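What follows is a single structure, written as structure tokens, with notes after it.
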Amino acid sequence: MSSPRQPRIWFRPFLFLLLPAIALYVAACARARESDRPQVGVTLLTEAHVFYQDLKRGLIEAADSLGVDLHIVAGEWDLARQTAQVQNFITRGMDAIVIAPVNSSGIVSAVEEANDAGIPVFTADIAAEGGGVRSHVASDNWQGGRLLGEFLVERLDGRGNVAILDQPTVASVIDRVAGFREALADYPDIQIVAAPAVERGLRDVAKEKTDNLLASGRPLDAIFGSNDDCALGALAALQAAGRTSVLVVGYDATPEARTAIASGTQLIADAVQDPVAIGRRTVEVVVQALSDAEVPAVVAVPVSLVTQDSLVARE
């Protein structure tokens, strides 16, 4: 009786190569069967700031009500990290990608990679400077900056020296500062004497930059903090130096900033965004686009002003 035929040896290495691919295919099919909900990758600028914590809450609230699965990460001010996060979303085959860019120009290549993969891209709060973005959802930051400028002009009686604590690589801040500068431009007796960049918009950096401004000895009547960490950092520096006559305006109206405004500190006004609304609207726009509905290129969420008077009126 003849012995059983043995499998050919050359086939065995190919079998070992095929098994992982088969396993991945089975897993992918299983995932597809588990949920037909849209899968949306989200990469935020940061999760360290209250604003983005609130924006994330709005995203999640809308996703829960609209039946969307979100996969939320944050670049934490690191462009390479955020680019890798977008590439990971592409590899995982997300139905859509939402980006709040760490760097508006630097993120363009990642947006274009998603475009090439046929995945629609949306931006929230901060715009990208290129690539194919279906819709950008953000506060009207130019309007907010102009409101603050107009308020400060009135408080300064149309004259004085102003500094800006800037974040020049962040598109939303670029718009805020543009609106602020435009409001001041009609008043020749108001001069912008300095606009130092505050890395990552962090409070301790803003305090250090303000300390440097005060140490320079240049005349200073007011400071525009491009977010509330900048404004509160400036306030801390002014209070430590006993410079009680220098006014501060900020952006975001976080609870701590509202408390400072209500208690009559030198922080006299804040532009208030609605990050929860930005998060909700972003998910709503994504869902509309995925259902083949037309979506606007820009969704502007209105901004208002918070002052001591407005806070007292609400009590």
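The values are calculated or read from the model by the stated rules, or taken from the named source; none is laboratory data. Here the structure is a predicted model, which means the values were calculated and not measured. So basically every Cβ, Gly included, is an ideal-geometry build from the backbone, and we count neighbours across all protein chains shown.
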query: Would you call residue 51 at pLDDT below 95 and of a type in the set (A, V, I, L, M, F, W, C)?
result: yes
message: Can you tell me which condition residue 238 does not meet? The list is (1) crowded, with 24+ Cβ neighbours inside 10 Å; (2) in the same structural domain as residue 53 (by TED's automatic domain parsing); (3) not small (Gly, Ala, Ser), and all the others hold.
response: (2)
task: Take segment 143-172 and flag every residue that is at pLDDT 95 or above and farther than 24 Å from residue 274 by Cβ.
output: 153, 154, 155, 156, 157, 158, 159, 160, 161, 162, 163
- request: May I ask you to list the residues in segment 148-166 that are crowded, with 22+ Cβ neighbours inside 10 Å and either without any contact (Cβ under 8 Å) to a residue 24 or more places away in the chain or in contact with a strand residue (DSSP E or B) (Cβ under 7 Å, 6 or more places away or on another chain) (or both)?
  value: 148, 152, 162, 163, 164, 165, 166
query: What number of residues within segment 187-220 are hydroxyl-bearing (Ser, Thr, Tyr) and either under 18 Å from residue 250 (Cβ atoms) or not assigned by TED's automatic domain parsing to the domain that holds residue 237 (or both)?
result: 1
- prompt: Mind checking whether some residue in segment 265-282 is closer than 19 Å to residue 147 by Cα, in a helix (DSSP H, G or I) and in contact (Cβ under 8 Å) with a residue 24 or more places away in the chain?
  reply: yes
So residue 288, is it closer than 25 Å to residue 37 by Cα and free of Cβ contacts under 8 Å to residues at least 60 places away in the same chain: yes
statement: Matching residues in segment 61-94 (in a loop (DSSP other than H, G, I, E, B) and crowded, with 17+ Cβ neighbours inside 10 Å) number 4
- line: Selection from segment 255-289 of residues in contact with a Phe, Trp or Tyr (Cβ under 8 Å, 6 or more places away or on another chain) and not hydrophobic (A, V, I, L, M, F, W, C) yields 270, 273, 275, 282
message: Tally up the residues in segment 154-181 that are within 25 Å of residue 78 (Cβ to Cβ) and charged (D, E, K, R), please.
response: 3
message: Name the single residue that is nearest to the chain's Cα centre (by Cα) among those in segment 243-253 being of a type in the set (A, V, I, L, M, F, W, C) and part of a loop (DSSP other than H, G, I, E, B).
response: 253
message: Can you find, within segment 234-259, the residue that is nearest to residue 183 (Cα to Cα) among those that are hydroxyl-bearing (Ser, Thr, Tyr) and touching a residue at least 12 places away in the same chain (Cβ under 8 Å)?
response: 251
- prompt: How many residues are surrounded by fewer than 24 Cβ atoms within 10 Å (Cβ to Cβ), modelled with pLDDT of 95 or more, touching a strand residue (DSSP E or B) at 6+ places or on another chain (Cβ under 8 Å) and not hydrophobic (A, V, I, L, M, F, W, C) when one looks only at segment 101-142?
  reply: 7
